[in-house]
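Notes to accompany the following structure.
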Amino acid sequence: MDLEEAFHVVGEFGKYQKRLAALLILLQVYMACQSMLIVLVGATPDYRIEKGKDPTTQQDLVKHVIFTEDLDSIVTEWFLIRHHAYKVSLAGSLFFAGVLVGNVLFGPLSDKVGRKPVFLAGLLFEVLFGYATAFAPTYEVFAVSRLLVGIMNGGMALVSFVLTQEYVGKSYWAMTGTLTNMMFAVGIALFAALGYYVQSWRALATTANSPGVLFFLLCLTLPESPRWLYSQGLTQKAEDVMQHMAMRNGKEKVVVKLKLCAGSAKAGRPSSGVLELVRHPTLRWRTGILMYVWYACSLVYYGLTLNAGEQKGNRYANVAMYGLVELPAYPLCMYFINKQWAGRRKTTAAFLMFAGFSCMVTMFLPNHLDLWLNTTSLALLGKLMVSAAFNIVYIYTSELYPTVIRNAGLGVCSMSCRFGGILAPFVPSMKGLHQSMPFMVFGLSGVSAGCLNLLLPETLNKPIAETLEELHIPAYQRILEKEVYPFGEDQPNSKRKAQA
């Protein structure tokens with residue numbers, strides 16, 4: 001039998017897989033706290049400068065600046081205001097630059113070494129560097145630690161998402177992917193609540209990082225991905241993992257016997273990693289489009305979220321609101337992406353375009369408008385729409401890449417995504433040019449990405465390719481083969497010759 005048939009036998013989403021998925025999904029709360037940390041620890045309080053003084057150096061700022069708001073942040077500790085205010089945005093950008101590096105390094109590495117060791121290493125070092133952030137004696141140490149946390153966060157997040165997909169049957173990928181992204185939104189809201197009660201920035205950084213220790217200990221029990229083992233030709237180990245899943249799901253009498261994966265290294269076809277994304281014609285154009293779509297999603301998503309801390313009103317309520325507004329997006333995703341008339345492709349494009357248009361409409365609203373239709377409400381609508389698109393694009397991308405190169409493909413797309421994250425902290429500062437300039441950037445990015453996404457193929461109810469060779473086989477033919485030869489028997493010579 002092939003791997004999908006094995007999942008049907010042992011259970012696509014049994015008790016054991018639910019526990020594995022739940023652990024990785026809850027991990028998103030910790031990852032959200034790390035991603036959003038700079039929003040609160042880098043908050044700038046109200047301040048005044050002594051009359052007749054114009055401080056320019058750091059020493060002058062310490063002497064002549066008085067903070068009028070009771071707030072403890074890196075801004076108040078290291079006086080990151082005026083000419084030094086850029087350092088707050090720089091720390092945020094360094095985190096996302098680290099995430100970019102992590103995506104580039106960890107994605108292909110996990111395709112070669114395995115999902116579990118790369119994931120555990122990333123989580124362990126993220127916790128260690130997270131404590132370095134909390135106890136940083138200077139801004140320079142703080143900035144470097146945020147870069148290192150970002151590297152581990154980017155790599156670990158990518159692999160953990162893939163694991164939530166590869167532990168379960170294909171029919172549950174949309175659900176596990178959606179729950180993963182939904183928990184990240186919940187994590188943003190919980191981080192805002194934590195920041196409200198833990199006012200000291202060092203205590204907040206320590207408290208937000210500490211759950212990572214518990215998650216690391218729990219994740220030590222995770223098995224290796226059976227899909228990765230199977231794609232590497234490690235059929236016996238894949239059978240052992242699937243047999244263990246069957247036993248933990250209460251199916252002790254099930255016997256799993258997998259056929260050799262045709263495109264695996266043991267079958268004489270080693271994977272070429274990231275280079276295959278460039279060499280393979282189908283993967284090349286898919287990757288190019290997906291890279292821009294991921295970039296736009298990240299720029300709009302993080303740009304609107306980080307902008308929450310700069311808006312008027314209670315900063316904790318604003319951050320929580322920008323997290324909670326995502327939650328209605330996920331039921332919408334689950335509904336539309338499983339409908340034949342909508343699917344993954346059209347739904348992603350529609351949400352991106354709606355997000356873009358809602359941001360662009362703010363250009364035509366007067367600044368003094370206090371009705372329900374104002375800049376804040378439209379920004380929240382844009383956040384809801386782009387959250388839905390961001391959620392689907394994770395699932396959609398996983399289905400567009402074969403298993404042997406899935407992590408490398410997701411890694412390259414995530415790398416492009418992080419360019420958006422790097423730029424996002426600086427986009428709100430474009431208000432200095434014009435009040436609506438940030439929303440124009442977000443709007444054009446969303447609309448253009450939505451249009452490009454329509455060029456990709458639909459994956460709803462299509463079989464997932466395990467090897468690069470399967471990309472050349474039409475989807476309807478792969479479905480027919482699975483129906484005619486459901487237990488993986490060899491095809492007749494005439495059938496093989498016809499395919500050749």
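What to note about this one:
- Cross-link pairs beyond the 20 Å C-alpha cut-off, checked among Lys170/Lys383; Lys116/Lys259; Lys339/Lys383; Lys18/Lys259; Lys170/Lys339; Lys18/Lys251: Lys170/Lys383; Lys116/Lys259; Lys339/Lys383; Lys18/Lys259
- Rel. contact order, % - alpha carbon contacts under 8 angstrom, at least six apart, region 12-131: 19
- For Tyr47, the amide hydrogen comes within under 5 Å of the amide hydrogens of Thr68, counting only partners 5 or more places away or on other chains and with H modelled in the peptide plane.
- A dipole drawn for the chain from +1 and -1 charges on Cβ atoms has a positive end, and of Ala97, His280, Met353 the residue lying farthest that way is His280.
- Around Trp201: net Lys/Arg minus Asp/Glu count, Cβ-Cβ under 9 Å: -1
- Contact order, relative form, for the chain: 22 percent (alpha carbon pairs under 8 Å, 6 or more residues apart, mean separation divided by residue count).
- Ranked by how many other beta carbons lie within 10 Å on average, peptides 415-424, 276-285, 72-81 from highest: 415-424, 72-81, 276-285
- Cβ-based net charge around Gly14, under 11 Å, with every Lys or Arg adding one and every Asp or Glu removing one: +4
- Taking Cβ atoms as reference points and 15 Å as the exclusive limit, the residues near Arg345 contribute a net charge of +3, counting Lys and Arg as +1 and Asp and Glu as -1.
- Computed on the Cα trace of the chain, the radius of gyration divided by the Kirkwood hydrodynamic radius gives Rg/Rh = 1.01.
- Peptides ranked, highest mean first, by Cβ atoms within 10 Å: ranges 152-161, 95-104, 169-178, 458-467: 152-161, 95-104, 169-178, 458-467
- Cα-centre dipole for the chain with unit charges at Cβ (Lys and Arg positive, Asp and Glu negative), debye to 20: 720
- Projecting the Cα positions of Val162, Leu327, Tyr401 onto the charge dipole of the chain (unit charges on Cβ atoms of Lys, Arg, Asp and Glu, taken about the Cα centre) puts Tyr401 furthest along the positive direction.
- Averaging the Cα positions of each part gives two centres, and for region 208-249 and region 375-415 these lie 24 Å apart.
- Taking every DSSP helix (H) stretch of at least 4 residues in the chain, weighting each as -39,500 (n - 2.57) and dividing the sum by the residue count yields a mean residue ellipticity at 222 nm of -21500 deg cm²/dmol.
- Anisotropy class of region 176-215 from Cα gyration tensor, a/c 1.5 cut: oblate
Any read-out appearing in this document is the output of simple, stated calculations on the displayed coordinates, not a laboratory observation. Quick caveat: nothing in here was measured; it's all calculated off a predicted structure. Cβ sites come from the backbone with ideal geometry, for glycine too, and all protein chains shown count toward neighbours.
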